[in-house]
Amino acid sequence: MVECLGAIRVVNLPSRPDRRREFAVQLARIGLGFDHPKVSIFDAIRPDSLAGFPTLGARGCFLSHLEILRAARDADLPSIAICEDDLDFSDDFTSRAPALLETLAARDWDIFYGGFDAVAHGMDAVPGLISLDPKQNVLCSHFMALRRPAIHALVPYLTAITEREVGDPAGGPMHVDGAYSHFRADHPQMVTLSVSQTLGVQRPSRTDVHDLRWFDRVPVVRDTAQLYRRWRGAMR
């Protein structure tokens, strides 16, 4: 995977060792680990103010993606893969991914969504890679990769979003997946590829992006809720 998509940066809050452990299991499933030289954890940003964003978690996720891209730009990396720590690789990842990534390596692309679900986005499921229209909203950022042209263009683009007011016609503070979709619509020359049958889903887990529900704020109930999520994830 790293040969095609580039170094993997895993977005993880230091306060969520549970997710770090769970993602280590996912990496082991595909023959990788945190000891691999091209796999590393990015300590997710937890801001102390909204600054116009929907939630603190939404702002933290946005800023974390931005800082990963900024570091990749400054290092002039050819590509970077961003995985959020609630990513579960699909059950058939090891059987499907090698051929898909080999095909991807031979194509021209700027942005790749590995966690895209065509059916959930109202599209037909087809085998192999698919091209996404620049105006196609993509409601996920948990598993994606970006090449140098997109990286270099995204850093100032996302930075500008953080500096605008809420509701600005050019795009004010928003969830990072929405910002990527805005960027693609504003830069139709950027080639976006994906798979219609997802290579990775978001694991049921207590959210760090949206406001917590009551059962995630009460200690004993919170633990029970997490056990239920693990059971539900295992039943997928």
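Just so you know, all these numbers are worked out from the coordinates, no wet-lab data involved. Not measured: the values here are computed from a predicted model. Cβ: placed from backbone, ideal geometry, glycine included. Neighbour counts: every protein chain shown.
Just to be sure I understand the model, the point goes 7 Å from the Cα along the line to the Cβ. What's the resulting His121 to Asn137 distance in nm?
Those two pseudo-labels are separated by 1.3 nm.
If neighbour count is taken as other Cβ atoms inside 10 Å, put Val2, Val126, Val10, Val138 in order from fewest to most.
In order of increasing Cβ crowding within 10 Å: Val126, Val2, Val138, Val10.
Test of understanding: in a Gaussian network model of the chain with alpha carbons linked when under 10 Å, which of Val191, Val39, Val119 would top the mean-square fluctuation ranking?
Of Val191, Val39, Val119, the Gaussian network model singles out Val119 as fluctuating most.
Could you work out how far apart the two model spin labels at Ala28 and Ser40 are, taking each label as a point 7 Å from the Cα in the direction of the beta carbon, and quote it in nm?
According to this spin-label approximation, the distance is 2.4 nm.
Modelling each spin label as a point 7 Å along the Cα-to-Cβ direction, I'd like the Ala51/Leu129 distance in nm, to one decimal.
3.5
Counting only complete DSSP H runs, which helices of the chain cover 20 Å or more along their long axis at the Cα atoms and score a mean Kyte-Doolittle of -0.5 or above?
Helices passing the filter in the chain: 56-74, 148-163.
Out of the trypsin sites (Lys or Arg not before Pro) in the range 30-82, which ones are loop residues according to DSSP with at most 15 other C-beta atoms within 10 Å?
When the trypsin sites (Lys or Arg not before Pro) of the range 30-82 are filtered for loop state and at most 15 Cβ neighbours within 10 Å, Lys38 remain.
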